[in-house]
């Protein structure tokens with residue numbers, strides 16, 4: 001037991017790292033306070049009842065990402081969704097637009113320019129999404145204490161509050177990147193999902209309080225399955241394919257360098273949880289547009305929105321395809337086999353059986369395509385299994401539709417943050433969390 005807490009104790013022994021951890025916790029405290037600040041003119045009770053009636057829908061996913069703020073109509077109801085969507089749009093445009101691609105290769109200055117554009121796009125998406133939420137609440141009778149007959153004043157206040165909240169969340173995430181332990185947006189997303197754990201605990205207690213055999217067996221089986229899935233996710237996330245690399249001997253002056261054998265590690269799930277977040281964010285766009293433009297029964301827009309709803313059998317199929325596609329896309333923009341092969345060649349390294357240069361790059365690409373497919377299939381299965389179970393049970397299993405996505409995000413962010421802290425600890429001679 002003592003060894004489990006040793007890395008945490010060692011982290012707090014370092015003044016600089018302790019300051020970063022405490023700053024990150026302080027930012028999360030500010031965020032949770034913002035989650036509890038209500039928006040004027042909105043009935044949280046009516047909105048919460050409406051949200052409960054749409055169990056398994058995309059609204060539940062948005063509510064998970066916002067830490068429950070969406071269902072409570074609070075300041076941070078939009079959460080980090082606009083920023084995530086903005087990041088997806090910018091990554092796609094960086095590949096499609098040569099000017100942005102050149103900007104991304106300009107080093108630190110180019111990244112700052114792209115980050116600034118991403119902020120502007122985030123505010124624009126927050127404005128559009130806020131208007132959609134306002135129209136949804138207005139059409140469903142969720143507004144209270146009207147001041148003006150046509151509702152223009154209430155619309156301005158609600159939309160301005162939602163946009164300000166989304167911008168503030170983005171700013172808090174960047175502050176964690178600058179002064180905290182990093183991964184600001186991911187850590188906020190992690191805190192939002194974990195904050196819903198109290199509801200899961202309460203559900204388990206309610207099952208046990210029934211005093212029946214089913215009330216005891218069901219939560220125990222659910223806990224065992226959850227622990228098994230966590231172990232499975234960690235196992236696949238930490239798995240890697242190691243390509244052998246041999247460095248040739250070379251003489252520099254009077255010293256001989258090289259001659260050793262090492263390996264090139266390729267993560268089985270190199271893209272992490274980002275393909276799942278990207279795919280869910282893309283599928284959330286039609287539902288958001290549906291709030292702005294309510295479909296009429298029998299219209300083309302009605303059939304499209306129903307086709308893309310989370311209660312449709314096509315939703316998990318489309319999600320499955322998108323996760324695989326984004327898995328390949330994320331690896332494509334984050335890992336360049338040609339550059340890796342050139343680096344090996346310049347340093348006198350080679351993969352046994354393959355000539356340096358283009359043959360090595362082709363071999364790395366071939367291996368990368370195989371492990372990316374396996375990693376993407378793993379993400380897809382974990383993400384869509386609870387959704388299919390929810391559809392089969394006709395929404396009888398409330399709250400698990402996006403359980404797989406939540407599990408992937410929580411475990412992925414936890415491992416990523418542990419690596420970040422471990423890297424800073426290893427520089428000072430301390431053992432990390434993952435050893």
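Between helix 152-179 and the chain, what is the angle of the helix's C-alpha long axis to the longest principal axis, kept within 0 to 90° and rounded to the nearest 10?
20 degrees
Which whole-number percent gives the relative contact order of the chain, counting Cα pairs below 8 Å spaced six or more residues apart?
Numbers: 545 pairs, mean separation 79.8, N = 435.
Value for the chain: 18 percent.
Kindly provide the Kirkwood hydrodynamic radius of the chain in Å, to one decimal, from all pairs of distinct alpha carbon atoms. Please report the intermediate quantities before stating the final value.
On the way: mean 1/r = 0.0414 Å⁻¹.
After inverting the mean inverse Cα-Cα distance, the result is 24.2 Å.
Cα centroids of the range 86-111 and the range 117-131: how far apart, whole angstrom?
First find each Cα centre; the distance between them is then 18 Å.
Just to be sure I understand the model, the point goes 7 Å from the Cα along the line to the Cβ. What's the resulting residue 314 to residue 157 distance in nm?
About 4.1 nm separates the two model spin labels.
Calculate, in nm to one decimal, what residue 37 and residue 247 gain on full extension: separation in residues at 0.36 nm each, minus their alpha carbon distance. Show your work: numbers first, answer last.
Details: separation 210, 0.36 × 210 = 75.60 nm, distance 5.95 nm.
Additional length available on full extension: 69.7 nm.
Roughly what angle does helix 197-209 make with the longest principal axis of the chain, taking Cα atoms, 0 to 90 degrees, to the nearest 10?
Result, in degrees: 70.
Rounded to the nearest 10 degrees, what's the angle between the helix 213-238 long axis and the longest principal axis of the chain, both from Cα atoms, 0 to 90?
40 degrees
Please compute the modelled spin-label separation between residue 113 and residue 227, points set 7 Å along Cα→Cβ, answer in nm with one decimal.
Label at residue 227, label at residue 113, 5.4 nm between them.
Hey, how much of the P(r) for the range 137-189 falls beyond 12 Å, as a percent of Cα pairs? Let's see the in-between values first.
Working: 976 of 1378 pairs.
Across the range 137-189, Cα pairs with separations above 12 Å total 71 percent.
Between residue 30 and residue 216, what FRET efficiency comes out of the Förster formula 1/(1 + (r/R0)^6) with R0 = 30 Å and r the beta carbon distance, rounded to 0.05? Could you put the intermediate results ahead of the total?
Values: r = 41 Å, r/R0 = 1.36.
Efficiency for this residue pair is about 0.15.
Values quoted throughout were computed directly from the atomic coordinates according to the rules given, and no laboratory measurement underlies them. Since we're looking at a predicted model, the values are computed, not measured. Because the Cβ atoms are built from the backbone with ideal geometry, glycine has one as well, and the counts that use them run over all protein chains shown.
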